[in-house]
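Working notes, beginning with the structure itself.
Nothing in this text is a laboratory measurement; each read-out follows from the coordinates by a stated rule. Being a predicted model, the structure only gives us computed values, none of them experimental. Reconstructed Cβ throughout: ideal geometry from the backbone, glycine too, with neighbour counts over all protein chains shown.
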Amino acid sequence: MPIAHTPIARHDTNLEWGAHDTVEISVLGGFRVTVAGHHTPSRAWSRRSAAALVKILALAPGHRLHREKMMDLLWPDESPDRSAPRLHKAAHFARRAAGSDDAIVLRDDVVWLFPGAHVTVDAVRFEQLARKAISEHDPRLAREALDWYGGELLPADPYEDWAADRRESLHLRQLDVLRVIGEWRELADIDPTDEQAHVELMQRHLAAGDGAAALRQYEHLERVLDRELGVVPGTAAREARAAAVMLDADDGDMRDRVEALLSELAQLETRQSELLAELAAAGATPRCAISSDG
């Protein structure tokens, strides 16, 4: 049956022709390919062009791309005449690594990834869930999205131009998902310049009555912003700091008062012991027993 030319509006591909295997591809935190439940060994993807071919198609809409676009991404400085045989060679080694003749299919100037299989890509699934969680501000969906986020996009390919924009987009999406859940500590750890996260943490300390901790959080934010961006904390952070200063001052006054009372009580107990000793020496007995227990 010929390839259908109508656009496919979803990322999971399940065309009528070919086998109906399940393919799982991970590109977050590393690169892994599982075909019909069988994990392909990492050494099988040692050829850079074959692995890059699969990675690009895994992230492409519908897991397909025009042949010339693919060649331009893989070999931007090569002419089409020189790139075409390299593309066929890369496809050959990708099929061999995946253990499937249908892993890469080139037809009608289109390069397909597993056109007869149901393909699931962790980055795509994360984006789908994250987009819905953010638009609906749904913490449950946000947590489900994070379950798919295994780490940075293709960390072994930090200098590939075709991955740079998508890597940044996924990172920003992760931060947005953490905001939906309210994971401010993790957010501040991942992005130390996120002022909202620091302010939220300060507010938590204030709610717990810990002005000193809130002040430490502000000082950390102040150092980070000065070092990384050359700016000072904004209004919300400064207001939280003012509240922390007042709370810490109140706590300090209370501590000083308690310490003074305890010192006075200790002096009274010492004087009581001295008076009782003097009475005993004089052979007198107090009219009522006095003890520190009341």
- Message: Sort 22-32, 115-125 by the packing proxy (mean of other Cβ within 10 Å over each peptide's residues), most packed first.
- Response: 115-125, 22-32
- Message: With +1 on the Cβ of every Lys and Arg and -1 on the Cβ of every Asp and Glu, and nothing else charged, how large is the dipole of the stretch 22-121 about its Cα centre, in debye rounded to the nearest 20?
- Response: 360
- Query: What are the residues whose amide H is under 5 Å from the amide H of D21, where those residues sit 5 or more places off or on another chain and H is modelled from the backbone?
  - Reply: H118
- Query: Taking a point 7 angstrom from the Cα of S42 along the C-beta vector, which residues in the stretch 110-130 have backbone N less than 16 Å away?
  - Reply: none
- Estimated FRET transfer efficiency (A207, R131; beta-carbon r; R0 35 Å; 0.05): 0.65
- Could you give the nm distance between label points at H171 and A236, where each point is 7 Å from its Cα heading toward the beta carbon? 2.2
